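The values are calculated or read from the model by the stated rules, or taken from the named source; none is laboratory data. This one's a predicted model, so the numbers in the text were calculated from it and none came from an experiment. Ideal geometry is used to build each Cβ from the backbone, glycine not excepted, and the neighbour counts take in all protein chains shown. Keep in mind that these areas ignore ligands, DNA and RNA; they rest on the heavy atoms of the full protein, side chains included. Shrake-Rupley method; radii C 1.70, N 1.55, O 1.52, S 1.80 Å.
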Amino acid sequence: MTETAEAERQLLIVEDDAAFARTLGKSFERRGYAVTQASNAEEVETLLQAQSPGYAVVDLKLNGEASGLACVQMLHRHNPKMLIVVLTGFASIATAVEAIKLGACHYLAKPSNTDDIEAAFGRAAGTTEVELTNRSTSIKTLEWERIHEMLAETGFNISETARRLGMHRRTLARKLGKQQVK
């Protein structure tokens, strides 16, 4: 295998859930990818000094205040041709748009499996065949998207998000607790 072809099959997984990262990594290794894992932006920066993967899977919300969007931006700056898929349990239109603007080729809500992610790498160019629906967005969905947009803006700080949305912190915590996020 040539060095270029080898680099093209290198995959970086940026995920702070070690068990999920390990499972995903093994699944991609069975498909012929050379997998490297990182759990935060500092590890990504260190890894990029030694290698240049052709693919990356980045979790949107990393431990603490960290956002996977910063990793997407760093990876795209390092290699604009890298195919980056963002995975998240906190899907919203706002974070999807920002992920794409920062260099991701696709954005998937969890739970997603290896087939979904590999298919997303293959759809990097986009398609005009996406089905358009006549269904209007409900107020509940709009509220949920606004909450997630503000969560992303505040680095997933619930108290600050509640303050910016003008609601009590416990009310926001209750709303988040009712949502089945995986």
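Which residue, of ALA104, ALA119, ALA56, ALA19, is out of contact with any Pro (no Cβ under 9 Å at 6 or more places or on another chain) and under 26 Å from THR161 (Cβ atoms)?
The conditions single out ALA104.
Could you tell me whether GLU129 is of a type in the set (Asp, Glu), surrounded by 14 or more Cβ atoms within 10 Å (Cβ to Cβ) and at pLDDT below 90? No. Taking the criterion of being under 28 Å from GLY177 (Cβ atoms) and hydrophobic (A, V, I, L, M, F, W, C), the residues of the stretch 47-71 that qualify are VAL57, VAL58, LEU60, LEU62, ALA66, LEU69, ALA70, CYS71. Per the listing ALA34, ALA19, ALA38, ALA50, the residue uniquely small (Gly, Ala, Ser) and in contact with a Leu (Cβ under 6 Å, 6 or more places away or on another chain) is ALA38.
Could you tell me which residue of the stretch 84-99 is modelled with the lowest pLDDT, considering only residues that are among the aliphatic types (A, V, I, L, M) and in contact with a helix residue (DSSP H, G or I) (Cβ under 9 Å, 6 or more places away or on another chain)? Here the answer is ALA91. Selection of first residues in the stretch 137-164 that are more than 20 Å from GLU98 (Cα to Cα) and of second residues that are modelled with pLDDT of 80 or more and of a type in the set (Val, Ile, Thr), restricted to Cβ pairs under 6 Å at least 6 apart or on distinct chains, gives the following pairs, ordered by first then second residue: GLU160/THR154.
Could you grab me the full set of residues in the stretch 72-95 that are hydrophobic (A, V, I, L, M, F, W, C) and closer than 22 Å to ALA119 by Cβ?
VAL72, LEU75, MET82, LEU83, ILE84, VAL85, VAL86, LEU87, PHE90, ALA91, ILE93
Given the criteria open to solvent by less than 10 Å² (accessible area, probe 1.4 Å), assigned to a loop (DSSP other than H, G, I, E, B) and either among the aliphatic types (A, V, I, L, M) or in contact (Cβ under 8 Å) with a residue 40 or more places away in the chain (or both), does PRO111 qualify? It is false that PRO111 is open to solvent by less than 10 Å² (accessible area, probe 1.4 Å), assigned to a loop (DSSP other than H, G, I, E, B) and either among the aliphatic types (A, V, I, L, M) or in contact (Cβ under 8 Å) with a residue 40 or more places away in the chain (or both).
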